[in-house]
Amino acid sequence: MIGSSRLAYAAVYPLMTAFNALPKAAFVPILVVWLGIGIGPAILTAFLISFFPITVNIATGLATLEPELEDVLRVLGAKRWDVLIKVGLPRSLPYFYGSLKVAITLAFVGTTVSEMTAANEGIGYLLISAGSSMQMGLAFAGLLVVGAMAMAMYELFSWVEKRTTAWAHRSSHSH
């Protein structure tokens with residue numbers, strides 16, 4: 001909606017920007033009151049951190065659809081929905097994957113911070129426990145695991161991106 005409507009973009013984008021400026025770690029105590037201690041606040045914190053970059057990039061992808069292309073499709077009988085589904089969304093996939101690869105790493109940050117604040121399990125909890133008992137090796141191992149998981153997810157989405165948007169990338173072969 002944000003990317004395909006100028007009015008929605010003008011109305012919602014400033015609100016999203018303001019929301020993105022809020023420190024997500026500050027939401028953790030509120031989420032704990034609402035959801036209790038555990039995995040719920042961690043998942044929601046990861047979502048809140050990931051939502052903005054993904055939404056902004058998809059909206060940008062949709063908003064940058066050439067007006068001439070849309071006009072030609074309309075002349076050929078395409079409805080607004082057809083243009084969105086058949087052209088807009090596929091052309092936004094590279095934007096989506098680019099933002100997803102950034103967001104997935106941010107999600108690990110959000111989850112870890114949430115677990116450090118309000119959990120009795122998870123790597124964030126392990127980091128706090130290891131730090132308070134001066135087990136620096138365990139703390140570094142926890143950080144290493146978070147980094148490895150983020151790298152693995154990044155690579156997974158890179159692999160999916162290559163298979164679903166090969167048409168949008170320059171070939172590495174010169175002909």
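Quick note: the coordinates plus some simple rules give every number you see, no bench work behind them. In this text the structure is predicted, and so the values were computed from the model without any measurement. Reconstructed Cβ throughout: ideal geometry from the backbone, glycine too, with neighbour counts over all protein chains shown.
Summary of values
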| item | result |
| --- | --- |
| Descending principal axes extents, region 6-165, alpha-carbon based, whole Å | 69, 34, 21 |
| Whole-Hz couplings from phi, Karplus 6.51/-1.76/1.60, listed for region 56-63; x for Gly and Pro | 4, 5, 5, 4, 5, x, 6, 6 |
| Dipole of region 1-113, positive end: most advanced residue of G40, P67, A25 [Cβ charges, Cα centre] | G40 |
| Cα centroid separation - region 1-57 against region 65-110, whole Å | 21 Å |
| Computed label-point distance, nm, for sites A21 and H169 using a 7 Å Cα→Cβ extension | 3.6 nm |
| For the chain, calculated [θ]222 nm from helices alone, where every DSSP H run of n ≥ 4 adds -39500 (n - 2.57) | -25000 deg cm²/dmol |
| Charged-residue dipole, Cβ positions (Lys, Arg, Asp, Glu), the chain about Cα centre, Debye nearest 20 | 320 debye |
| Cα-projected label distance for L144 with E66, points at 7 Å along beta-carbon direction, nm | 5.1 nm |
| 17 Å Cα-Cα reach of K101 towards lysines, excluding residues that sit fewer than 8 places from it in its own chain | K162 |
| Residue list for region 89-116, given a label point 7 angstrom along the Cα-to-Cβ vector of S158 and an amide N cut-off under 18 Å | 94-108 |
| Extension gain (nm, one decimal) between R6 and L76, 0.36 nm per residue minus Cα-Cα | 22.9 nm |
